[in-house]
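Following: one structure in structure tokens, then a few remarks.
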Amino acid sequence: MFTRIISISVKEFRQIFRDKRSLLIIFLLPVSLLALFGYAISIDVENIKLGVFDKDNSETSRKYLSSLDASAYFTITDHIRNDNEVNELLNNGKIYAAIVIPDNFEKEIQSDKNVMIQYIVDGVDASTAGIVQNYLLAVTYQFNSKIVTEELSRKGIKSVTPLNAEMQFWYNKDLDSTLFFIPGLIAMILIIITVILTSISLVREKEFSTIEQIRISPVSSLQLILGKITPYLILSLFIAASILLMGGILFGVEVKGSYMDLFIGTVCYLLATLSMGVFISTIAESQQVAFQISQLISQLPTIIFSGFIFPIESMPYFIQLLSNITPSKYFIIILRNILIKGTELSVYIDQIYFLLIFSAIFIFISAIRIKREQMT
Amino acid sequence: MDTAVSVKNIMKKFGEVTALNDISFNIKKNKIFGLVGPDGAGKTTLIRIMCGLLKADSGEVDFSGIESAGSKGKIKNEIGYLSQKFSLYTDLTVDENIEFIADIHGVKNYQTRRDELLQFTRLKDFRHFQAGKLSGGMKQKLALACTLIYRPKIIFLDEPTTGVDPVSRREFWIILSGLLKENITILISTPYMDEAERFNYIVMMNNGKLISEGTPAEIKAALNMTVMEIVCIPVRDAYKILKKNVRSDVQMFGDRLNLIF
């Protein structure tokens, strides 16, 4: 039983290491994908460019503006002199938001009147605009309370803030969105590579009819599948390790949970994705078709349904049900637990079971399909 | 019992087309058995059914003549198959290909046998070459060596000499005759009538039917007609022209035509 699996694996390893293209996919693609996506996917808002139309040009208005400029979120890049310029700068995308301070800003504040500051924000990207809105409001409220405190203390009244909310962010202290995305990225890179490699390697045996020599031998379809999966499982574990290492160097990802749990979770996930690849090879007749199906089946659901970018909880119920078909959803939960939270295996044991059941089902169906294929 | 394999009433249809129509014959042990017929006669389909790569609609292939006393599943180790298309790994070396086939058939200590076979097929100097870099004739010999590594009792060769140069073809035949000494039964399919002389027993097929069987001498006597072999290029065009203008039977055999009158 096992000697046949090993001999297929040994053969597979020889072929992989002799094929420069698959070596490139295995050793270069994962790390470059990580760097590329890791830097590109980030919804942290930093250095938003502001244009300022300060009609008042008083001490108070300058104080307010410098409090904006001082935060890491905003940079004042342009000083605007007339209304046309506001349009022009926003249209050209040179600034993200324009601030218009009315001409008797200081005077009205001092006479305890309510002053309106106008913000004109580029609303094309709804989520960034929302975040910018919140930041701007926060800065404004802070400035407000400073004025109120000063005013009161001048009148000899001690100011009291009855309610204060103190936030503590657990697990991802700095609310670094890259840290949140890394588990999804690892899941996506691994699923793409493993599904493509296994499906193509099995379809190639069909295309070059090398599978016939295996079919007339006593090798069973299960042995063939396991013999094919084993080398890719070992290689993918190396890929996973290299991604994690690069994630540590580039984005400061660290493993807060145990390495043993991480290993178990990764092996279960890889079994699931590899068995998907095997299954695809039983439907595809050419390497090209296998490649395309693999990409479609691995990449799309991982991006949309896995909770990688869009939270599953806010999806319609039907889509939530649909999201259960992708193993990456489960692996992302496991990874977030291990990498960011550092929780115990018992917390995500259900996900581990799911991945194992998923693999078993796909391997079983593929074994039957391969057996049936032999006879037609 | 000198019958190695008996084929009993094999039927096979592909959609509407009847590929094999009630084929029955016996293959005698330790002989070279010839399956002769033009392209499209059903030779490959029949061989694939005999190897277990294809399921027949009805009928059976009985291997009881060569089956060893052990379990029935072992029969796969008694059968060798050389398909028309080269089906070994072009990116593995000669040695590695043989090793792989030996491994999946559960052959331990194959090294001595491998050296013997490489000597026998004169591939020894090429053992570290990747199979894809070998010539057509050498690939064919490598495929044979791979099959012989697990010492099957019967080997099925599907047009092994088609597309191989005449010198390699002759050499291949010498190697095959040498195999009979090792108690191996050989079935070969070929479209070439001139090769038919080399068989111990022949089954002639056309359009999925068995048309005659016997020793080469018997076949010749029974035919009682003249067969004219025409080697020409392009053979397909010549076939169409002859078919249209000549009354007698024209058959296409790979790179040549047979005119029977």
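Here, each number is a calculation from the coordinates, and none is a lab measurement. Owing to the predicted nature of the structure, the values given are computational and were not obtained by experimental measurement. Backbone-built Cβ (ideal geometry, glycine too); neighbour counts: all protein chains shown.
If each of B:LYS28 and B:SER6 carries a label point 7 Å out from its Cα toward its Cβ, how far apart are those two points in nm?
1.6 nm
Could you pull out every one of the lysines with an alpha carbon less than 23 Å from that of A:LYS55, ignoring same-chain neighbours closer than 8 positions?
Excluding near neighbours in sequence, the set is A:LYS63, A:LYS94, A:LYS107, A:LYS113, A:LYS146.
I need the per residue convex hull volume for the protein assembly as shown, using only the alpha carbons, in cubic angstrom as a whole number.
Per residue, the Cα convex hull of the protein assembly as shown comes to 233 Å³.
From zero up to wherever the largest Cα-Cα distance of the stretch A:48-154 sits, split into 5 Å bins and tell me the percent of pairs in each.
Answer for the stretch A:48-154: a P(r) of 2, 12, 22, 25, 20, 12, 5, 2, 1, 0 percent.
Would you mind computing the Rg to Rh ratio of the stretch B:1-79 from its alpha-carbon coordinates, Kirkwood style for Rh?
Reported Rg/Rh, Kirkwood definition of Rh: 0.98.
From the C-alpha coordinates alone, can you work out the Kirkwood hydrodynamic radius of the stretch A:147-194, in Å? The partial results should precede the final answer.
On the way: mean 1/r = 0.0656 Å⁻¹.
Result for the stretch A:147-194 stands at 15.2 Å.
Name the residue, out of B:GLU60, B:GLU99, B:GLU218, whose mean-square fluctuation peaks in a Gaussian network model built on chain B with Cα pairs under 10 Å.
Among B:GLU60, B:GLU99, B:GLU218, the largest GNM mean-square fluctuation belongs to B:GLU218.
From Cα pairs below 8 angstrom and at least 6 apart in sequence, can you work out the relative contact order of chain B, rounded to a whole percent?
Once divided by the residue count of chain B, the mean separation gives 25 percent.
Please compute the alpha carbon radius of gyration of the stretch B:1-137, then divide it by the globular-protein estimate 2.2 N^0.38 Å. Two decimals is fine.
Taking N as the residue count of the stretch B:1-137, the ratio is 1.24.
When 1/r is averaged over all different Cα pairs and the result inverted, which Kirkwood radius in Å belongs to chain B? Can you show the working numbers first?
Numbers: mean 1/r = 0.0514 Å⁻¹.
By the Kirkwood definition, the hydrodynamic radius is 19.4 Å.
Report the label-to-label distance for B:ARG151 and A:SER66 in nanometres (one decimal), using points 7 Å from each Cα along the Cα→Cβ vector.
If labels sit at B:ARG151 and A:SER66, their model points lie 9.6 nm apart.
With a cap of 15 neighbouring Cβ atoms within 10 Å, and only residues DSSP puts in a loop, list the chymotrypsin sites (Phe, Trp or Tyr not before Pro) found in the stretch B:47-151.
B:PHE129
Full-extension gain between B:SER248 and B:GLU60, please, as 0.36 nm times their residue separation minus the C-alpha to C-alpha distance.
Separation in residues times 0.36 nm, less the Cα-Cα distance, equals 64.1 nm.
With the Cα gyration tensor of chain A in hand, convert its eigenvalues to equivalent ellipsoid semi-axes via √(5λ) and list them largest first in whole Å.
58, 22, 17
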